[in-house]
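Inspection log for the structure reproduced underneath, given as structure tokens.
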Amino acid sequence: MTPDSSTALPGVLNTPLFTVGQTPVTLITLVIFFVVVAGTFWIGRLASTWTQRAFKLRGVEDQGTTGVASRLVQYAVMILGLGIALQTLGVNLGALLAASAFFAVALGFAMQNVAQNFVSGILLLTERTIKPGDVLLVEDRVVRVTKMGLRATVARTRDEEDLIIPNSVLVQNTVINYTLRDAVYRIRATVGVSYGPTSMS
């Protein structure tokens, strides 16, 4: 390699191709951008797999719950990585976030209940104070938890009815868990007895 060719290569890599805002984009900048994007997708898939394993270790066998949680973690990693990659190109993310702040606030008010139940579902799955199979007293009704999701918990009553309970109800209200420590529990039932005279035939 001649001295001219050795000095020409860094010059080609640092030659501005176009400008984004006030930042000149060079060939090396594009290479870094694509490397960050590829690494973000790889780390996102790895984080998704780790999330599924973490839920299985905590005893959460519901495929829907683990699938949604792992996807959310993957999307969060991808959004963070794409933000870093766009900043490498010179894209001003602050201006984009300021422009979308109004829509984010409006969407937050519209989905307030959904977000509240979602956060409550994450807390329940993390703390594990309520698990599938537990016997609870919820709003004066004795139920057994059959399925836990990120938005709602499904429980079966003593009349064999499926009760769909929003997760925010389980987090914000006082709930008695009869089987929190062990599977032995006691339920009090009121029995009426007639004290009147009975006829003998």
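Read-outs: derived from the displayed coordinates by stated rules, not from any lab. Here the structure is a predicted model, which means the values were calculated and not measured. Cβ placement follows ideal geometry from the backbone for every residue including glycine, while neighbour counts extend to all protein chains displayed.
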**Message:** Under 5 Å between amide hydrogens, which residues at least 5 positions from L180 or on another chain qualify, with H placed 1.01 Å from N in the peptide plane?
**Reply:** none
**Request:** Work out from phi, with θ = phi - 60° and the Karplus expression 6.51 cos²θ - 1.76 cosθ + 1.60, the ³J(HN,Hα) of each residue of segment 113-130, listed in order in whole Hz, and give x for Gly and Pro.
**Result:** 5, 5, 5, 5, 5, 5, 5, 4, x, 5, 4, 5, 6, 7, 6, 6, 6, 10
**Complete:** Using the Kirkwood formula on alpha carbons, the hydrodynamic radius of segment 118-201 in angstrom works out to 14.4
**Item:** Phi-based couplings in Hz for segment 76-86 (Karplus 6.51, -1.76, 1.60; Gly and Pro marked x)
**Value:** 5, 5, 5, 5, 5, x, 5, x, 5, 5, 5
**Request:** For an R0 of 45 angstrom, estimate the FRET efficiency from the Cβ-Cβ distance between A38 and Q112 and round to the nearest 0.05.
**Result:** 0.75
**Asked** Amide H of K147: which non-local residues (sequence gap of 5 or more, or other chain) have their own amide H closer than 5 Å, using H built in the peptide plane?
**Response** V154
**Item:** Peptides 144-157, 39-52 ordered by average Cβ neighbours within 10 Å, highest first
**Value:** 144-157, 39-52
